[in-house]
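Below: the structure, in structure tokens.
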Amino acid sequence: MIHSENMKWNKEQIIDFKTKALHWASQFDVCMLLDNNFIENACSYQNVELMVAAGINRDVKCDVGNAFENLKKFHADTNNDKFILGSLSYDLKNEIENLHSVHSK
């Protein structure tokens, strides 16, 4: 992780860095770029303008029905001082509430 607390970057430099970071990450099969778009205090990780993750160290795939239990176990088995980045499917709403979507074709 790169910290730049002692460096002052102007907006153009940050935009240029974001473009280069996304280009670098795109060489991996899996990558994620989280950008707060210059919104101050956008999340609890203050002063974080951008996070980039590339590649996979460990992964978990969960079937509907026990996804959150599997995710909880994965989190417990992972070193908790690191970020766990990934995505969740829309269908997980059915594990939270009794909601079902019907789409006409």
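Read the figures in this text as sums done on the coordinates, not as results from a lab. Not measured: the values here are computed from a predicted model. All Cβ positions, even for glycine, are placed from backbone atoms using ideal geometry, and neighbour counts span all protein chains on display.
Quick notes on this structure:
- Counting Lys and Arg as +1 and Asp and Glu as -1 over every other residue whose Cβ lies under 14 Å from the Cβ of SER26, the net charge comes to +1.
- Positive minus negative residues near ASN70 (Lys, Arg vs Asp, Glu; Cβ under 10 Å): +1
- Pairs of Lys residues in segment 58-105 are counted when their Cα atoms are under 23 angstrom apart and they lie 8 or more places apart or on different chains; the count is 9.
- Backbone amide hydrogens, once placed in the peptide plane, bring VAL30 within less than 5 Å of GLY55, excluding anything fewer than 5 places away on its chain.
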